[in-house]
Amino acid sequence: MNQSYNSTAMTIEELVGHYSIEGSNQDENGSVYYGVLSLSLDANQRIVANWTIGDHTQSGSGFFKNDILVINFRYEDDEGKVYKGVAVYRSLNAHILDGFWSEKHGNPLFLGSEYAVRIQPTEFLN
C-alpha cells in the first residue's frame, strides 16, 4: 500500500492543550454555545477530551491521524439521561480545529458544528 504523508502534519502531542470553542447544536435552530475543550493524552497515546459548556461537562476519548481528530463523547443531562455521540475535527493548523458532531438522540437531519481556537495558558487563567 503506497501512502504519502504530509511532512507538516501535526503530531498527536501537539494537540494537547485548551481550546476556546464556539459551536452550534444539532437541531433546526442551530443554537450557538460557547465553552472550553481540554485535550490530553492517556498512557496509550489516545486523546482524552473534556468539554466545559456553561455548568455542564462532557468527556470523551479518541484518536488522531492525518490531521483528523475523532472523539467518541458522552454526557448526562440534569435528570441523569446519558447521551453519546461522535465529534470529528480537522486540524487547520497548530492552533485551530474545525469540526462537526452528532449524538445518538439528536435530530438526524442536522449535524452540530464546533470551531476551536487554542487558548494560551495565560488566557486560560484569566
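Summary of values
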read-out	value
Integer Hz, Karplus 6.51/-1.76/1.60 couplings in order for region 84-92, x for Gly and Pro	10, x, 9, 10, 10, 10, 9, 7, 7
Note, ³J(HN,Hα) from phi for region 63-73, Karplus 6.51, -1.76, 1.60, rounded to Hz, x at Gly and Pro	9, 9, 7, 6, 6, 10, 10, 10, 10, 8, 10
Stretchable slack from S59 to A43, in nm (0.36 nm times residue separation minus alpha-carbon distance)	4.1 nm
Kirkwood-based shape ratio for the chain, expressed as Rg/Rh from alpha carbons	0.98
In Hz, Karplus ³J(HN,Hα) per residue of region 41-48 (6.51, -1.76, 1.60; θ = phi - 60°; x = Gly, Pro)	10, 8, 5, 9, 6, 9, 6, 10
Stretch gain in nm, segment N107-E28, where the contour uses 0.36 nm per residue and the Cα spacing is subtracted	27.6 nm
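Bear in mind that the values in this text are calculations on the coordinates, not laboratory data. Every value quoted in this text rests on a predicted model; they were computed, and no experiment measured them.
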